[in-house]
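Please read the structure below before turning to the comments.
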Amino acid sequence: MDTIDGMRTFVAVAKQKSFTSGAKLIGISTKLASKYIGQLEERLDAQLFHRTTRSVTLTETGQAYFLKCVPVLEQFAELEDVVQQGQSELAGVIRITAPTGFGSTKLVEALAPFQKMHPKVSIDMRLSDHIVSIVDEGIDLAIRFGKLEDSTMIARKLMDMRIVVFASPDYLAEFGRPKHPSALSTHNCLLQQFSIEPHHWQFKIAGEMKSYPVMGSYSANSPRAVAHMAAAGLGIGAAPAYVVESYIKEGSLKLLFEDNEARIIPLHAVYPSGRHLPKRIRVLIEHLAMVFKASSLGPRN
């Protein structure tokens with residue numbers, strides 16, 4: 001067993017609190033992970049884990065060793081990065097987490113040219129509509145919308161995403177097209193439960209930000225669900241521009257108040273502040289920033 005491999009295995013198992021999950025995280029078998037930990041404990045002449053049939057936890061010695069291992073592995077990654085910078089091709093795995101709807105559409109589209117340019121880089125994408133712990137899950141990069149609460153993370157803004165208002169042609173034909181945002185109070189508005197102010201939508205009127213009350217009989221915790229509701233003719237919705245882009249192109253939804261759009265939601269690439277970023281991840285972040293900056297989904301000039 002190479003000492004670095006043993007340390008990597010130890011840290012993965014410690015973070016995951018499981019031999020099976022830790023082994024999966026670094027791409028080895030559970031049997032091999034157990035073997036590496038056993039050899040490491042034998043070499044150190046110390047027990048690193050308390051093992052039961054239900055859990056794996058660090059001993060006091062294991063906790064102290066864990067705190068020393070993490071910076072050593074990061075320094076080793078930096079050394080590898082120095083070597084890679086002298087090479088013409090990027091290589092290695094990048095583990096990314098992102099919201100399901102955005103990740104499966106716009107992020108995949110943005111990643112495609114990157115992977116063609118760097119075929120030796122593997123992308124491991126973990127899509128979830130819940131906030132995934134970057135450290136606990138061994139994630140290299142998180143793509144997240146909205147305000148960031150965790151001060152231990154570093155965030156690179158990729159773009160400001162437009163929040164657009166929309167309705168189906170059938171709805172507009174039956175109930176009329178509102179000529180001013182104030183008229184939304186007379187319409188059935190489709191509400192997104194996780195919005196900061198679901199019952200107040202903001203618009204720019206004569207250069208000033210104004211908020212208008214909205215109400216409706218439908219709400220959802222997913223912007224994609226709101227778009228589906230609107231396409232079915234159930235009311236007027238508001239959501240990030242990427243959600244309705246395909247509906248607009250096919251004509252099943254129409255944008256409203258385009259000249260009065262005021263709301264945006266920031267999109268960030270996020271990673272832990274204390275983690276060294278290999279060159280492949282830095283290059284990917286720059287690529288994503290370039291792609292999304294040029295996107296039509298951002299604020300109108």
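The values are calculated or read from the model by the stated rules, or taken from the named source; none is laboratory data. The model shown is predicted, which means the values in this text are computed figures rather than measured ones. Counting neighbours? That spans all protein chains shown, and the Cβs are built from the backbone with ideal geometry, glycine included. Just so you know, the surface numbers come from the protein's heavy atoms only, side chains and all, with ligands and any DNA or RNA stripped out. Shrake-Rupley method; radii C 1.70, N 1.55, O 1.52, S 1.80 Å.
Using only the Cα atoms of region 168-209, build the gyration tensor, take square roots of its eigenvalues as a ≥ b ≥ c, and label the shape rounded, prolate or oblate: rounded if a/c is under 1.5, else prolate if a/b is larger than b/c, else oblate. It is oblate, given that a/c is not under 1.5 and a/b is not larger than b/c. Ranked by the mean number of other Cβ atoms within 10 Å of their residues, highest first, the peptides 51-60, 9-18, 199-208, 166-175 come out as 9-18, 166-175, 199-208, 51-60.
The C-alpha atoms of the chain define a longest principal axis, and helix 3-16 lies at about 50 degrees to it.
Residue-wise HN-Hα couplings along region 222-229, as the Karplus relation 6.51 cos²θ - 1.76 cosθ + 1.60 with θ = phi - 60° gives them from phi, are 9, x, 5, 5, 4, 5, 4, 4 Hz; Gly and Pro carry x. Computed from Cα atoms, the angle from the helix 60-85 axis to the main principal axis of the chain rounds to 70 degrees.
So for the chain, averaging the separation of alpha carbon pairs under 8 Å that are six or more residues apart and normalising by length, what relative contact order in percent results? Spell out each step's value before the answer.
Numbers: 484 pairs, mean separation 62.2, N = 301.
Answer for the chain is 21 percent.
Other residues within the sphere of radius under 12 Å centred on the Cβ of Lys254, judged by their own Cβ, net out at -1 (K and R +1, D and E -1). A cut-off of 5 Å between modelled amide H atoms, ignoring neighbours fewer than 5 places along the same chain, links Cys189 with Met215, Gly216, Ser217, Ile236.
For region 163-254, what relative contact order do you get, as a whole percent, if you take Cα pairs closer than 8 Å and at least 6 residues apart? Could you put the intermediate results ahead of the total?
Numbers: 160 pairs, mean separation 37.0, N = 92.
Rounded, it is 40 percent for region 163-254.
Candidates Phe49, Gln39, Gly237 compared by Cα position along the dipole of the chain: farthest toward the positive end lies Gly237, with charges placed on Cβ. State whether region 124-276 is rounded, prolate or oblate according to the following rule on the C-alpha gyration tensor (a ≥ b ≥ c being the square roots of its eigenvalues): a/c under 1.5 gives rounded; otherwise a/b larger than b/c gives prolate, and the remaining case gives oblate. Since a/c reaches 1.5 and a/b is larger than b/c, the shape of region 124-276 is classed as prolate.
Please get the size of the charge dipole for region 212-282, origin at its Cα centre, with Cβ charges of +1 on Lys and Arg and -1 on Asp and Glu, quoted in debye to the nearest 20. Spell out each step's value before the answer.
On the way: 8 positive and 5 negative charges, 129 e Å.
Dipole of region 212-282, to the nearest 20 debye: 620 debye.
Ordering Leu297, Leu184, His287 by the projection of their Cα atoms onto the charge dipole of region 181-301, which places +1 on the Cβ of Lys and Arg and -1 on the Cβ of Asp and Glu, puts His287 at the extreme positive end. Relative to the longest principal axis of the Cα atoms of the chain, helix 108-117 runs at roughly 50 degrees.
Run lengths n ≥ 4 of DSSP H only: what is the helix-derived mean residue ellipticity at 222 nm for the chain, with -39500 (n - 2.57) per run over all residues, to the nearest 500? It would help to have the intermediate numbers written out before the result.
Working: 10 runs with 118 residues, N = 301.
Estimated from H runs of four or more residues: -12000 deg cm²/dmol.
The amide H of Ala232, built 1.01 Å from its N in the peptide plane, has no neighbour under 5 Å, considering only residues 5 or more places off or on other chains. At q = 0.08, 0.13, 0.16 Å⁻¹, what base-10 log of I(q)/I(0) does the Debye formula yield for the chain when every alpha carbon is treated as an equal point scatterer in vacuo? Evaluating at q = 0.08, 0.13, 0.16 Å⁻¹ gives log10 I(q)/I(0) of -0.48, -0.94, -1.21. Solvent-accessible area per residue in the chain equals 54 Å², computed with a 1.4 angstrom probe and all protein chains kept.
Amide H contacts of Val164 (H built 1.01 Å from N, in plane; Pro and chain starts excluded): Ala239, Ala241 sit under 5 Å, all sequence-distant by 5 or more or on other chains.
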